[in-house]
Amino acid sequence: MKKIDSTKRYEQLTERMGNGDVDRRSFFSLLGAAGITAGLTGGAMTMMATQARAAGTSLNFEGWGGVVSEALRANAFAPYEAATGNTVVDATFGGEAEVLTKIKAAGNTDGHNILHSSGVSWYQRWVENGYGVALNEANIPNMANVMTAIIDPFRKITPDSLSAVPYDYGTTGIAYNTKYVSKEEAEALGANLLLKKELKGKIGGWGGDWANRAWYGALQSNQNPNDIQDWDAVWEKAREHRDLVLKYWSSGAELMDLLAKEEIYVTEAWSGRVAALQAQGHPIAYMDPPNGLAWMESMFVLKGSPMAEAEELLNFMLDPETALAVAEGQKYPSSLDPNKVEMSDAVKALPAFDATGTLSTLVFRDPTKWNPVEKEQTKQWNRVSKGG
Amino acid sequence: MAESKEFDPRPWYLLAPSMLAIIALVVIPMSFILVYSFYENIDLAIDRVAFQFGNWQELLTDSYYHTAIWKTLRLSIIVTVLAAVLGYIPAYFIAMTKYRHKWLLLLLLILPFWVSFIIRTLSWIHIMGNQGAINGILMWLGLTDTPVSMMFNEFAVIVGFIHVFLPYMILNIYVSLEGIDENLEPAARTLGATPWQAFREVTLPLSLPGLAAGSLLVFVLTGGSYVTPLILGGPGDFLFGNLIYDAVVVELNWPMGATLSFTLLVLLGLVVALYSRLMGMNQLSKAFG
């Protein structure tokens, strides 16, 4: 079952138009109809969804929306529902902080079961806040195919058991429109392409994550992102970038929209979203600058979830056939070990794909360096992003 | 004969359900928020129960918050003035028209409320964006070779606010205009007033309660917004509400978020109090018919 909200409906429509599946006139007609439907029937839909959920075991999943959610729905959730009779209610979140805020406000995890969680830092935060579970890995035999290198960082935090299964990984590199920026120029400038003054008003940036901005600030101020010594220099570069930025985007769908409509020519970007744009035929190139940011995502199970069904779903999602189909759909490499599972050519061609199965070619955030400064530097980023 | 001073409880019985609802849904939650503002945020999402003034001290001494208050007041005033000017004309037209299907005009006015607020706001990207309708027409007419940049700036935010809040202004002014005796303007004309004088000295003053009520609503709604700047604004386009969002959802600092929320409540409450002082709250009920 799919929980549709207005934003998601809009994202789906824009993607369909981007893919050429729907013409502009139909797009606007459907957009209007979607808006009216949301305005008039939101309450009724919610009520019907509640009744439907009461009919059997249902799992609430929250993820990143757009092509990522589409890939999960088509290749994992729908087949799982058909195979088991259980229901997966998938929704789009605005970020894990939003979910944590809701859970804290409600005082319980009702309505939240599985999150498409980003990075080791959030894994640690969920666990430390008491929302973790102990997965019975015997019920998830497909875990045997997952790369050891991607499991280890999670196991370091909870050595006795896991509360999530690593599912995919990617990079946050730089996307640029090849009509306005050449490959040679992009590679010569690296992270400093985001600071090119001639592109003022045509540069974007991800506004949703302080650490992403700081990582690029570190690269631009010639520091090791995993050992930042001079935070002032980092934020000075972030200010320099801010003064050139048209818009800080806050979701993958917005990123794709800004690039596709040529509102911006250059931005840091998520590798999979750029691959999706390329598949749609847009002249967008992608590069990972030296020491570019890599990240891994997991399927985090929250306390209070029906464990047997959750483990069954995770195992289903890690089945090689399912995991590779999702990877091809969402354009992010799977967490499965390429030494154990034969990857398709499409997966091998994805940005950030690591053929060694060790992830040694990628640089991830070191949580021991980043987590202790998060409170102070998040606040700093919010100020810098608003002109401070 | 001396007037009876006996206490009549009946109005209180009638008011009781509303008052209980206000206490349960506004006063008690806001009290919790006030109490929370004295708590201390130890780390992201981790608060300590305390009675300390750190959050309030930060609010009062940090120019970051003062800038946001100034930006919010400034933008609220701009949106309110523009909405008043732009809203008066259609309201006047609807009130004065002899068109027998006036209900249709009013229906058109409330039609946007049937469409999700988010969708309505996002629609501006397809209208004013680089590949939007306006740029498409300008380029088709050969008036420009490259798209004119209209999105993700203060202008786009103002347009978004006006789009969403204009019906509130029009409806308030319309109700006020509808209540004016339609013989007054002709009477002024027969006494020698020009059409403009009749409007300025008769209709406009009598419609002021509606104009003021609409302005109050638009001002308060704009001042408390955060989604519109998030969708349509650039990096520098933010309101006080965006700082609350940052504190609560991004920094996971609820005590600071509570401090900022209570401050916004007080600031907007002051505007309502000022309105009450100048216009009297009974003018609101007049405006709403």
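The values are calculated or read from the model by the stated rules, or taken from the named source; none is laboratory data. This is a predicted model, so every value here is computed, not measured. In this analysis, Cβ positions are derived from the backbone assuming ideal geometry, glycine residues included, and neighbour counts consider all displayed protein chains. Areas reflect the complete protein model, heavy atoms only, side chains present, ligands, DNA and RNA absent. Shrake-Rupley method; radii C 1.70, N 1.55, O 1.52, S 1.80 Å.
B:L44 falls short on exactly one of the conditions (1) under 20 Å from A:T101 (Cα atoms); (2) modelled with pLDDT under 95; (3) exposed (fewer than 14 other Cβ atoms within 10 Å of the Cβ), and that condition is (3). Do you know which of the residues in segment B:70-89 that are touching a Phe, Trp or Tyr at 6+ places or on another chain (Cβ under 6 Å) and either of a type outside the set (G, A, S) or open to solvent by 80 Å² or more (accessible area, probe 1.4 Å) (or both) is farthest from the other protein chains (Cβ to nearest Cβ)? Selected residue: B:T80.
Filtering segment A:210-232 to residues that are in a loop (DSSP other than H, G, I, E, B), open to solvent by less than 30 Å² (accessible area, probe 1.4 Å) and either in contact (Cβ under 8 Å) with a residue 60 or more places away in the chain or within 14 Å of chain B (Cβ to nearest Cβ) (or both) leaves only A:I228. Being open to solvent by less than 20 Å² (accessible area, probe 1.4 Å), among the aliphatic types (A, V, I, L, M), farther than 30 Å from B:Y36 by Cα and part of a helix (DSSP H, G or I) holds for only one residue in B:L166, B:L177, B:L211, B:L206, and it is B:L177.
Yes or no, residue by residue, for (1) under 20 Å from B:P235 (Cβ atoms); (2) out of contact with any Phe, Trp or Tyr (no Cβ under 8 Å at 6 or more places or on another chain):
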site: A:I174; (1), (2): yes, no
site: A:Y180; (1), (2): no, no
site: A:K196; (1), (2): yes, yes
site: A:W206; (1), (2): yes, no
site: A:L246; (1), (2): yes, no
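Please determine whether any residue of segment A:233-254 is charged (D, E, K, R), within 14 Å of chain B (Cβ to nearest Cβ), open to solvent by less than 30 Å² (accessible area, probe 1.4 Å) and part of a loop (DSSP other than H, G, I, E, B). No, segment A:233-254 contains no residue that is charged (D, E, K, R), within 14 Å of chain B (Cβ to nearest Cβ), open to solvent by less than 30 Å² (accessible area, probe 1.4 Å) and part of a loop (DSSP other than H, G, I, E, B). A:E185 fulfils the conditions (1) assigned to a helix (DSSP H, G or I); (2) touching a residue at least 24 places away in the same chain (Cβ under 8 Å); (3) of a type outside the set (A, V, I, L, M) except for a single criterion, (2).
Checked against the criterion of being buried (at least 19 other Cβ atoms within 10 Å of the Cβ) and either among the polar types (S, T, N, Q) or closer than 26 Å to A:L162 by Cβ (or both), the candidates A:A275, A:A294, A:A308 yield just one match: A:A294. Check segment B:151-159 and report whether any residue there is within 14 Å of chain A (Cβ to nearest Cβ), surrounded by fewer than 22 Cβ atoms within 10 Å (Cβ to Cβ), free of Cβ contacts under 8 Å to residues at least 12 places away in the same chain and closer than 26 Å to B:T121 by Cβ. Checking segment B:151-159: at least one residue is within 14 Å of chain A (Cβ to nearest Cβ), surrounded by fewer than 22 Cβ atoms within 10 Å (Cβ to Cβ), free of Cβ contacts under 8 Å to residues at least 12 places away in the same chain and closer than 26 Å to B:T121 by Cβ.
Quickly run through segment A:288-336 and pick out the residues that are aliphatic (A, V, I, L, M) and part of a helix (DSSP H, G or I). So that I can check it myself, show each step before the final result.
Restricting attention to segment A:288-336, the residues satisfying the condition of being aliphatic (A, V, I, L, M) are A:293-294, A:296, A:299, A:301-302, A:307-308, A:310, A:313-314, A:317-318, A:323-327, A:336.
Within segment A:288-336, A:M307, A:A308, A:A310, A:L313, A:L314, A:M317, A:L318, A:A323, A:L324, A:A325, A:V326, A:A327 meet the criteria.
For segment B:2-68, which fully contained helices (runs of 4 or more DSSP H) count at least 3 residues that are over 29 Å from A:A106 (Cα atoms) and either hydrophobic (A, V, I, L, M, F, W, C) or under 26 Å from the mean Cα position of the chain (by Cα) (or both)? Before you say what the answer is, go through the steps one by one.
On the way: elements: B:10-22, B:28-36, B:54-61.
Ranges flagged: B:10-22.
The set of residues in segment B:224-240 being among the aliphatic types (A, V, I, L, M) and in a loop (DSSP other than H, G, I, E, B) consists of B:L239 alone. Taking first residues from segment A:93-113 that are within 19 Å of A:V68 (Cα to Cα) and in contact (Cβ under 8 Å) with a residue 40 or more places away in the chain and partners that are open to solvent by 50 Å² or more (accessible area, probe 1.4 Å) and part of a helix (DSSP H, G or I), the Cβ contacts under 8 Å between residues at least 6 apart in sequence or on separate chains come to A:H112/A:K102. Of all the numbered requirements in (1) farther than 22 Å from B:N41 by Cα; (2) in contact (Cβ under 8 Å) with a residue 60 or more places away in the chain, A:V384 misses one, and that requirement is (1).
Only one of these is in a strand (DSSP E or B), touching a helix residue (DSSP H, G or I) at 6+ places or on another chain (Cβ under 6 Å) and surrounded by 20 or more Cβ atoms within 10 Å (Cβ to Cβ): A:V88, A:V68, A:V120. Name it.
Working: A:V68 fails: in a strand (DSSP E or B); A:V120 fails: in a strand (DSSP E or B).
Result: A:V88 is the single residue among A:V88, A:V68, A:V120 that is in a strand (DSSP E or B), touching a helix residue (DSSP H, G or I) at 6+ places or on another chain (Cβ under 6 Å) and surrounded by 20 or more Cβ atoms within 10 Å (Cβ to Cβ).
For segment A:142-159, indicate whether the set of residues that are within 14 Å of chain B (Cβ to nearest Cβ), open to solvent by 30 Å² or more (accessible area, probe 1.4 Å), in contact with a helix residue (DSSP H, G or I) (Cβ under 6 Å, 6 or more places away or on another chain) and outside any loop (DSSP other than H, G, I, E, B) is non-empty. Scanning segment A:142-159, I find no residue that is within 14 Å of chain B (Cβ to nearest Cβ), open to solvent by 30 Å² or more (accessible area, probe 1.4 Å), in contact with a helix residue (DSSP H, G or I) (Cβ under 6 Å, 6 or more places away or on another chain) and outside any loop (DSSP other than H, G, I, E, B), so the answer is no.
Got a sec? Which of B:G210, B:G233, B:G223, B:G214 is within 16 Å of the chain's Cα centre (by Cα) and under 30 Å from A:A105 (Cβ atoms)? Show your work before the answer.
Working: B:G210 fails: under 30 Å from A:A105 (Cβ atoms); B:G233 fails: within 16 Å of the chain's Cα centre (by Cα); B:G214 fails: under 30 Å from A:A105 (Cβ atoms).
Unique residue meeting the criteria: B:G223.
Just checking, does segment B:66-85 include any residue being in contact with a helix residue (DSSP H, G or I) (Cβ under 9 Å, 6 or more places away or on another chain) and of a type in the set (K, R)? Checking segment B:66-85: at least one residue is in contact with a helix residue (DSSP H, G or I) (Cβ under 9 Å, 6 or more places away or on another chain) and of a type in the set (K, R).
Of all residues in segment B:235-254, which are of a type outside the set (D, E) and either more than 7 Å from chain A (Cβ to nearest Cβ) or open to solvent by less than 10 Å² (accessible area, probe 1.4 Å) (or both)? First the steps, then the outcome.
Residues of segment B:235-254 of a type outside the set (D, E): B:235-236, B:238-245, B:247-250, B:252-254.
Hits for segment B:235-254 are B:L239, B:F240, B:G241, B:N242, B:L243, B:I244, B:Y245, B:A247, B:L252, B:N253, B:W254.
Of the residues making up segment B:93-122, those that are open to solvent by 30 Å² or more (accessible area, probe 1.4 Å) and under 22 Å from the mean Cα position of the chain (by Cα) are B:L106, B:L107, B:L108, B:I110, B:L111, B:P112, B:F113, B:W114, B:V115, B:F117, B:I118.
Evaluation of B:F199 against the conditions (1) closer than 30 Å to B:S31 by Cα; (2) open to solvent by 30 Å² or more (accessible area, probe 1.4 Å) shows that the sole unmet condition is (1). Summed over segment B:101-136, the residues that are free of Cβ contacts under 8 Å to residues at least 24 places away in the same chain, facing chain A (nearest Cβ under 7 Å), under 15 Å from A:L258 (Cα atoms) and in contact with a helix residue (DSSP H, G or I) (Cβ under 8 Å, 6 or more places away or on another chain) give a count of 1.
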